Amino acid sequence: MSKAIRIHTHGGPEVLVYEDANPGRPGEGEVLMRQTAIGLNFLDAYYRSGLYPAPNGLPLIPGSEAAGIVVEVGPRVDWLKAGDRVAYTMPVGAYCEERVVPAARLVKVPDGVSDEQAAALMLKGLTAEYLLRRTYGVKLGDTILFHAAAGGVGLIAGQWAKHLGATVIGTVGSDEKAALAKKHGYDHVINYRTTDFVAAVAELTKGAKCDVVYDSVGVDTFNGSLDCLKPRGLLALFGQSSGPVPPFNLGLLAQKGSLYITRPTLFTYIAQRADLEAAAEALFSAVASGVVDVQINQRFALADAAKAHAALEGRQTTGTTILLP
Ligand SMILES: NC(=O)c1ccc[n+]([C@@H]2O[C@H](COP(=O)([O-])OP(=O)(O)OC[C@H]3O[C@@H](n4cnc5c(N)ncnc54)[C@H](OP(=O)(O)O)[C@@H]3O)[C@@H](O)[C@H]2O)c1
C-alpha cells in the first residue's frame, strides 16, 4: 500500500502521522505520479498548526511541492506520458508516495535539473521569481532588503537579485547563516538577533534606505521593515515565520513616506497556466545558466516529516530541505 503523512488534528510536529493512503486512479485531465522528492516549506507548518485553514477540512495531507515520474495518464491529457519527469506546487497534498494531480498544474522537468532540485524549486524558486520580477521588478541600481536570507527562499532570491543588478542586503539569525548568505548573492548580511537591522541598513545605504523590502518573518520584523524603506518604497510581506502581523494603522504608511505594502502569495501569481509556464521557464533557465544554484542542505525520510518540521520551525535549517518518499 502507498504511504502518506496525514494530520487528523492541528498541533505541533507530533500530529504528522505516517499511514496508508490509496492515491486512486487518474480521471479526465489528471495524472498519477510516483513522487521521488518532496520539498519542505514553512507553508506546510501553517496548515499543520491551523494558522491556515485546511482547504477541505481534516484529515489533511500537507505538502506544497514535489517532483516525480508519471505512472498513468488519464483521458484528455495529450502532452504527458508514462515515464515523463514532472513537478508541481499546490497548497496541500504533497506528503505522499503516489498522487493524482491535475495535469494543468504540472511542468516537465528539463534535463540538467534533478528531481530533488525540481522539488525544492517549485514553491521556493517560483516564489523568488514572482517576488523579484513581478511584485517589484528588481533592476540595476536598486537596493533591496531580504529577511531570512539563508532560508529556502532566501538563498535562491539572493543569487537572482544580485544577477538582476541590485545591491542585496540580507538578514539572518546566526553568523554561520551570514557566511552562507554571503556566498549566495548577498552584498551585506546583518545578524538581526545581535544587531539592530534598521540602524544597520541606514548605515549601509548612507541613509538612502531600500527600494523594496521582502519580509517573510512577520511580526518580529514588520515595523523595522517599514523603517528600511525609501519614500514611496514597497514592502512585500510574504510570510510570517515569527508569527502574523497584527492589524495596523494605515496612516503609518503616509507618515513614513507614502509607502506601499502588499501581501502576495505565489498561488495568485501562477493561477493562470500561461503564468505558471512562463515563471517555470524563467526559473529553470536561471538554474541551467548558473544564475541560481539550489542548496539542498537537509534530507529526511518522508516518514520523519515531524523531525523535518521541528528543524524548520526551530531555525535549524539552511537552504532547502527535501523529504524522500
Ligand atoms: N507568500 C508566498 O507566496 C510564499 C511562498 C513561499 C514561502 N513563503 C514564506 O517565506 C518564508 C520562508 O519560507 P521557507 O520555507 O523558505 O522557510 P525558511 O526561510 O527556510 O525558514 C524560515 C526562516 O525564518 C527565520 N525566522 C525568523 N524568525 C523566526 C521564528 N520566530 N521562527 C522560525 N523561523 C524564524 C529563520 O531564519 P533565521 O534564523 O536566519 O532568522 C528560519 O530559518 C516563510 O515565512 C514562508 O511562509 C511565502
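The values are calculated or read from the model by the stated rules, or taken from the named source; none is laboratory data. Here the structure is a predicted model, which means the values were calculated and not measured. We place every Cβ from the backbone using ideal geometry, glycine too, and count neighbours over all the protein chains shown. With ligands, DNA and RNA removed, areas are computed over all heavy atoms of the protein, side chains included. Shrake-Rupley method; radii C 1.70, N 1.55, O 1.52, S 1.80 Å.
Here are some notes:
- Table column - 3J(HN,Hα) (Hz), the stretch 305-311, Karplus curve with 6.51, -1.76, 1.60, x for Gly and Pro: 4, 4, 5, 5, 5, 4, 5
- Principal-axis tilt of helix 152-163 within the chain, Cα atoms, nearest 10 degrees: 60 degrees
- Gaussian network model of the chain, springs between alpha carbon atoms under 10 Å - residue of LEU204, LEU145, LEU237 with greatest fluctuation: LEU204
- For the chain, the dipole from Cβ point charges (+1 on Lys and Arg, -1 on Asp and Glu) about the Cα centre works out to 560 debye, to the nearest 20.
- Largest first, the residues THR221, THR268 sort by 1.4 Å accessible area into THR268, THR221.
- Dipole moment magnitude, nearest 20 debye, the stretch 181-262 about Cα centre, only Lys, Arg, Asp, Glu C-beta charged: 160 debye
- 28 Å Cα-Cα reach of LYS139 towards lysines, excluding residues that sit fewer than 8 places from it in its own chain: LYS124, LYS162, LYS177, LYS182, LYS183, LYS206, LYS209, LYS230, LYS256
- With both residues required to sit in the chain, DSSP beta bridges show an antiparallel share near 55%.
- Cut-off 13 Å between beta-carbons: net charge of the residues surrounding LYS3, Lys and Arg +1, Asp and Glu -1: -2
- Under-5 Å amide H pairs with LYS3, H placed in peptide plane, nonlocal only: ALA21, GLU97, GLU98
- Crossing angle, helix 273-288 versus the chain [Cα axis fit, 0-90 degrees, rounded to tens]: 70 degrees
- For the stretch 262-267, 3J(HN,Hα) per residue [Karplus equation, 6.51 cos²θ - 1.76 cosθ + 1.60, θ = phi - 60°, Hz, x = Gly/Pro]: 9, 10, x, 9, 3, 5
- Positive-end ranking of LEU302, VAL212, ASN41 along the dipole of the chain, with charges on Cβ about the Cα centre, is headed by VAL212.
- Approximate spin-label separation ASP20-SER114, in nm, with each point projected 7 Å along Cα-to-Cβ: 3.4 nm
- Where labels lie 7 Å past Cα in the beta-carbon direction, separation of GLU28 and ARG299 in nm: 4.2 nm
- Charged neighbours of LYS108, selected by a Cβ distance under 15 Å, balance to -2 (K, R count +1; D, E count -1).
- Helix 115-130 axis versus longest C-alpha principal axis of the chain: approximately 40°, rounded to the nearest ten.
- The mean sequence distance of close C-alpha pairs (under 8 Å, at least 6 residues apart), as a share of the length of the chain, puts its relative contact order at 18 percent.
- The stretch 124-157 and the stretch 18-96: distance between their alpha carbon centers, rounded to Å: 26 Å
- Cut-off under 5 Å, modelled amide H: who pairs with THR167 long-range: GLY141, ASP142, THR143, ILE144
- Evaluated with a Cβ-only charge set (Lys, Arg +1; Asp, Glu -1), the stretch 207-325 carries a dipole of roughly 260 debye about its Cα centre, given to the nearest 20.
- Solvent-accessible surface (1.4 angstrom probe) belonging to MET33, in square angstrom, nearest 10: 0 Å²
- Distance from the stretch 178-197 to the stretch 213-230 (C-alpha centre basis), Å: 15 Å
- Phi to ³J(HN,Hα) by Karplus 6.51 cos²θ - 1.76 cosθ + 1.60 over the stretch 195-204, Hz, x for Gly, Pro: 10, 6, 5, 5, 5, 5, 5, 4, 5, 4
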